[in-house]
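Read-outs throughout are calculated quantities, based only on the coordinates presented, and are distinct from any laboratory measurement. These numbers come from a predicted model, not from an experiment. Here Cβ is always computed from backbone atoms with ideal geometry, including for glycine, and neighbour counts include all displayed protein chains.
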Amino acid sequence: MDQVNSQKPHEQLAEQLDQEMTAVNALIRDRMASKHAPRIPEVTAHLVEAGGKRLRPMLTLAAAKLCGYAGDDHLKLAATVEFIHTATLLHDDVVDESGQRRGRPTANLLWDNKSSVLVGDYLFSRSFQLMVETGSLRVLDILANASATIAEGEVLQMTAASDLRTDEAVYLQVVRGKTAALFSAATEVGGVIAGVSEDAVQALFDYGDALGIAFQIADDLLDYQGDSKVTGKNVGDDFRERKLTLPVIKAVAQATDAERAFWVRTIEKGRQEDGDLEQALGLMAKYGTLDATRQDALAWAAKAQTAMAKLPEHPLRQILSDLAEYVVARLK
């Protein structure tokens, strides 16, 4: 990656958008307040202020700025995107019975499941209020569809996660729901609010879609070959949690009868024994599925860069292109 300094692309993005993100963060703090239910800002602040990269709202700001937008509705849309993301995290932690996120106890652990679900609902409602304030029916349509797709993806994942009939097409549908839908909506609305051509709006959508897919495939691959000190996850957590991600799906598709019986026992039935993770890794090595998954992630990152190249020349265009390369650079 040819960069003039050692900053990572998301750090460069944060620097370029510092003034806008300060305004977005102020808007988030203002809109997550509640006169009548103090638990709402308590729970929301715990997650919103946990030190995440704020990548999704930055994508909205960057897309709008790249397209020459001069108003301030992109600030509301960036806050909207962050609220949707935060709401889904609150709900996900309840569904997954998670105890930790970003190195901190989850809201459902600190408070309870009811609080997490209801505060997530509140944030979804706030996000729709912000969308409406832009006065754009198309923006409302895009973000409402994204919200529905995210929920649909989570339900699909719940039913397909341990079903060996889950193939790569279903996996991609899940990834588009749980990750890529909000990335693509975040970039698309930036172009829509700027009033650019349909070709440019489509390029922004395609960039966000491909970036989100590359991001999730990379994350799933790192579960099996990442450094736990860097990823914050133990190697094989997805296997232990019986999640059918792309490396396993590829191995199951090529399995012998005996190997399939192993996957049925460990993934579908959840009867795992000592040494099973090592056997699973051995089967993935046998069929080269980790490398094949890596190639898929690289291909999606390349698609994101191709889409970005269709947009006008701008310093942010290069940073966004570099970002696509960065999300898969850790796999090389």
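Sum up the charges of everything whose Cβ sits under 13 Å from the Cβ of Y122, counting Lys and Arg as +1 and Asp and Glu as -1, but leave Y122 out. Before the final figure, lay out the partial values.
On the way: positive: R31, K35, R39, K114, R126; negative: E42, D121.
Summing Lys and Arg as +1 and Asp and Glu as -1 gives +3.
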query: What does the charge count near L172 come to, summing +1 for each Lys or Arg and -1 for each Asp or Glu among other residues with Cβ under 14 Å from its Cβ?
result: -2
log₁₀ of I(q)/I(0) at q = 0.10, 0.12, 0.22 Å⁻¹ - the range 247-332, Debye sum with one point per alpha carbon: -0.41, -0.53, -0.97
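Once you list every other residue whose beta carbon is under 13 Å from the beta carbon of W300, what net charge do they have if Lys and Arg are +1 and Asp and Glu are -1? Please list the in-between numbers first.
Numbers: positive: R176, R294, K303; negative: E168, D206, D209, D219, D220, D296, E325.
In short, -4.
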query: What's log10 of I(q)/I(0) for the range 157-238 at q = 0.15 Å⁻¹, Debye sum over Cα points only, no solvent?
result: -0.66
message: Which one, G135, V196, Y122, projects farthest toward the positive side of the charge dipole computed for the chain from Cβ point charges (K/R +1, D/E -1)?
response: Y122
- line: Rounded to the nearest 0.05, FRET efficiency between E313 and E273 (Cβ-Cβ, R0 41 Å) equals 0.10
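Before anything else, pin down the relative contact order of the chain: Cα pairs under 8 Å, at least 6 apart, normalised by residue count, whole percent.
Reported as a whole number, the value is 19 percent.
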message: Using 20 Å bins from zero, what percent of all Cα-Cα pairs in the chain falls into each bin?
response: 31, 57, 12, 0
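Quick check on packing: order 144-152, 182-190 by the mean number of other C-beta atoms within 10 Å, highest mean leading.
182-190, 144-152
Calculate, for A285 and A45, the FRET efficiency according to 1/(1 + (r/R0)^6) with r their C-beta to C-beta distance and R0 41 Å; round to the nearest 0.05.
Details: r = 45 Å, r/R0 = 1.09.
It comes to 0.40.
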task: For the pairs K76/K303; K35/K178; K35/K114; K65/K310, note any where the Cα-Cα span goes beyond 24 Å.
output: K76/K303; K35/K178
